[in-house]
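Following: one structure in structure tokens, then a few remarks.
Please treat every number below as a calculation from the coordinates, not as lab data. Keep in mind that this is a model prediction, so the values were computed, not measured. Neighbour counts run over all protein chains shown; Cβ positions are idealised from the backbone, glycine included.
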Amino acid sequence: MRLIHDGAFLLDGARILGAAEARSLPEGQALSPEEGRKGSIAWNMLRSHSRGGDAKALRISFDSLTSHDITYVGIIQTARASGMRQFPVPYVMTNCHNSLCAVGGTINEDDHAFALSAARKYGGIFVPANIAVIHNYNREKMAGCGRMILGSDSHTRYGALGTMGVGEGGGELVKQLLGQTWDTDMPEIVGVYLKGTPRRGTGPQDVALALCEAVFKNGFVKNRVLEFVGEGVGSLSVDYRNGIDVMTTETACLSSIWVTDGKVREYYRIHGREGDYQELKPGPVAYYDRMIVIDLSQIRPMIALPFHPSNAMAIADFKANAADALKEVQDEARRQFGDAASAGLTGKASPAGIRTDQGIIAGCSGGSYENLSLAANILRGRNTGNGSFALSIYPGSQPVNLALLRSGAAESLLEAGVIMRESFCGPCFGAGDTPSNGAFSIRHTTRNFPNREGSKPGEGQLAYVALMDARSIAATARNGGLLTGADEIEYDETIPPYAFDGGVYEKRVYSAAAPDPAHGLVMGPNIRDWPEIPGLREHLLVKVVSSITDPVTTTDELIPSGETSSYRSNPLRLAEFTLSRRDPGYVGRAREADRQRLLHQKGETSPEMEKTMAAFSQAAGIAFRHDEVSYGSAVYARKPGDGSAREQAASSQRVLGGAANFAREYATKRYRSNLINWGLMPFVTDAELPLCCHVFIPGIRTALQAYAGEPLRGYVMSDGEVKAVSLSLGSLTPEECRILMAGCLMNHYRGC
């Protein structure tokens, strides 16, 4: 894999010309990067969806929206409170996350009833539980060449189908529901040039993991759009392309788009939508700000060890050095979790091989017809053994499930001892097939962050997840759980053609012909309105109630997934879980700070707070009344927000009285957007802020009223000493400034 840092031209879709080489061309043949950018698919798609004529400041309106049952209640509740009367574009609500209704009693199914009533009232599309995972449904029914889809799930990626998908926090969907836009500067575009043909045994997850390993840690594609081009694209099936594409989220890119061809046209024909196809390809001259060249023939079966998809290497290399590699993982686990990591991962390696305890092939990345059919071929006439190893599969949709039944693949899997489950995203976020303590699970799913498999390190539970492709997982299952790459075995690669049967969607999916404003919403007892959120005063004073110095803090650490998902329709109850797995004392400290805020709001400021404010007044050289100061709590983390798009990572801080985050940088745009939409100042600073220090930012409201990106001067008080500190809010649109001043997006659109 080759990374080109300084830009490259793609000529006629085939020849790569480095920027330096282009500059040396004879006069009259010079190529312009500015003009060349207009030759990319991504540039044209973004411009065609942007309101107004500014090619750099985009104001995007999406063709459709999508959410699942962890996020849609909060989105609809926020939009209702902001004045929404109907869904202005198609809005798909799937039920693939909170499908298990044993946790929390009736409340998961209450959310589903709410969504169906909302689809009727506002004019939406409701996909019942276990019918399809969110991204399969959108691939099969909503994607179309040249379209853009916004989803409240980070893996909203449909680029291989000629559709630019963007995963964002719920606030950005609320804006679309209110007729507003998704605002961003024109992102840089990274060309991903594929050449060659995958070798036998190498699947889409292998290519995706190799890509993550090459570009995540160095930030090569962070917040940029990936554009897949090159002759190698044609060697891949559409299922294969989808499998790579959905994993681009793990590179930290903003979105993705691919060239389209006859195979994509055939995909749309099979799904009864050939009219949604159009050829997409770069112009004769296309310029990319960066370029990645991938020789598919050189990618070997891969494994991503805990605790990130980028922690990847070839399976053969891992097996040759398993003891050392597992020890590194074990050491990292002990560093993060202490005694909770005492279970012996290193003991999985023995002269006989590397023992795994569980295999999962699931969802939007693993549960495709092609992946599961090849797994069936590998296991046909074999078995997974009667030891500790078990393999479960989760087809991505009921149409895929039907096709597996009709082709005989399901029969082969079941005969081999495989457990076939429903269309459910549970293994991806800790709500399905949670391994035992100390177990080593191999999964064709999207993530292997700590806790994502459902264990609770804070309670002494820790399981280890490695990511692999379905082919190698099936090969491992065939070998009784001893780690085996698919290139180590012989198997038939021939599978029956896929025949899509959309009858189950016609029978079970509700799609409103028109909104019915008179239809009432079904509100279960756990579905609660948002509490009152205060607006911003002239000055801001915050107390840092959590200080995290890990290199990266994931969204799952900020607000855990798994069983907590059942409470996502109840903002105050969910907030009790904030940072519970990373900093269990956070909620208590945040509540104490909020108690101080409420006293301050009543004019009953404590002597300690009087002393603190007096010190800041003296340091800043300004006098101010107490009613001119907003008070709240804050979180410091070096690089927060990697992973999920769930807005609750921000809203839960806000309902506990949070007013700001401080970071060296934010891991993703979507987490920073969530902070802004919930009125949490997304400060960036080089200073490392200790627990329980106070930070004062004078004149912040005035600064936001005429914000031009300039640094702000703040003051930090720790152990009685006050020091000045430089703070940045980065790039903010005028609309985002108004949201921050109002206290949150909801207040802004209500005119509060």
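Cross-link partners for Lys327 among the lysines, with Cα-Cα distance under 19 Å and sequence neighbours closer than 8 places in the same chain left out: Lys319, Lys348. Translational diffusion of region 302-503, estimated by Stokes-Einstein from the Kirkwood radius over alpha carbon pairs at 25 °C in a medium of 0.890 mPa s, is 145 µm² per second. Note on the chain: helix-only mean residue ellipticity at 222 nm, from DSSP H runs of 4+ residues weighted -39500 (n - 2.57) and normalised by residue number, equals -8500 deg cm²/dmol.
Stretching Ala323 away from Ser726 to a fully extended chain increases their span by 140.5 nm, per 0.36 nm per residue minus the current alpha-carbon distance. Packing here is the average count of other Cβ atoms within 10 Å per residue, and on that basis the peptides 199-210, 316-327, 460-471, highest first, run 460-471, 199-210, 316-327.
State the dimensionless ratio Rg/Rh of region 263-372 (Rg: radius of gyration of Cα atoms; Rh: Kirkwood radius).
Using only Cα positions, Rg/Rh for region 263-372 is 1.13.
So, counting K/R as plus one and D/E as minus one, what does the shell of residues with Cβ under 13 Å around Arg654 add up to? Charge balance near Arg654 sits at -2.
Counting residues in region 479-534 as N, plug N into 2.2 N^0.38 Å and put the Cα Rg over that result.
Computed over Cα atoms of region 479-534, the ratio equals 2.46.
The mean sequence separation of alpha-carbon pairs under 8 Å and at least six residues apart, normalised by the residue count of region 539-750, gives a relative contact order of 25 percent. The modelled label-to-label distance between Leu691 and Glu266, using points 7 Å beyond Cα along the C-beta direction, is 5.9 nm. Rounded to 0.05, the FRET efficiency of the Gln601 and Glu459 pair, given R0 = 45 Å and the Cβ-Cβ distance, is 0.80. A simple spin-label model places the labels of Thr733 and Arg334 5.0 nm from each other, with each point 7 Å out along Cα-to-Cβ. For Lys56, a cut-off of 29 angstrom between C-alpha atoms picks up these lysines, skipping any fewer than 8 places away in its own chain: Lys38, Lys175, Lys217, Lys222, Lys281, Lys639, Lys669.
Net charge near His626, counting Lys/Arg +1 and Asp/Glu -1 over other residues with Cβ under 15 Å of its Cβ?
For residues surrounding His626, the net value is -1.
So, by mean Cβ neighbours within 10 angstrom, what's the order for 543-552, 684-693, 15-24, 88-97 with the highest one leading?
Ranking the peptides 543-552, 684-693, 15-24, 88-97 by packing returns 88-97, 543-552, 684-693, 15-24.
The equivalent ellipsoid that matches the C-alpha gyration tensor of region 61-104 spans semi-axes of 23, 14, 6 angstrom, in descending order.
Just order 417-425, 169-177 by mean Cβ neighbour count inside 10 Å, highest at the front, would you?
Going from most to least packed, we get 169-177, 417-425.
When only Cα pairs below 8 angstrom with a gap of at least 6 residues are kept, the chain shows a relative contact order of 14 percent. With N counted as the residues of region 539-750, its alpha-carbon radius of gyration over 2.2 N^0.38 Å works out to 0.95.
What's the whole-number percent of alpha carbon pairs in region 60-183 lying beyond 23 angstrom? It works out to 24 percent of all Cα pairs. Annotation: amide H-H contacts under 5 Å for Thr484 (H modelled 1.01 Å from N, sequence separation of 5 or more, or interchain): Thr476.
Taking 0.36 nm per residue of separation and subtracting the current Cα-Cα distance, fully stretching the chain between His519 and Arg199 would add 109.7 nm.
Above 34 Å lies some portion of the pair distances; for the chain, what is it as a whole percent of all C-alpha pairs? Of the Cα pairs, 48 percent sit more than 34 Å apart.
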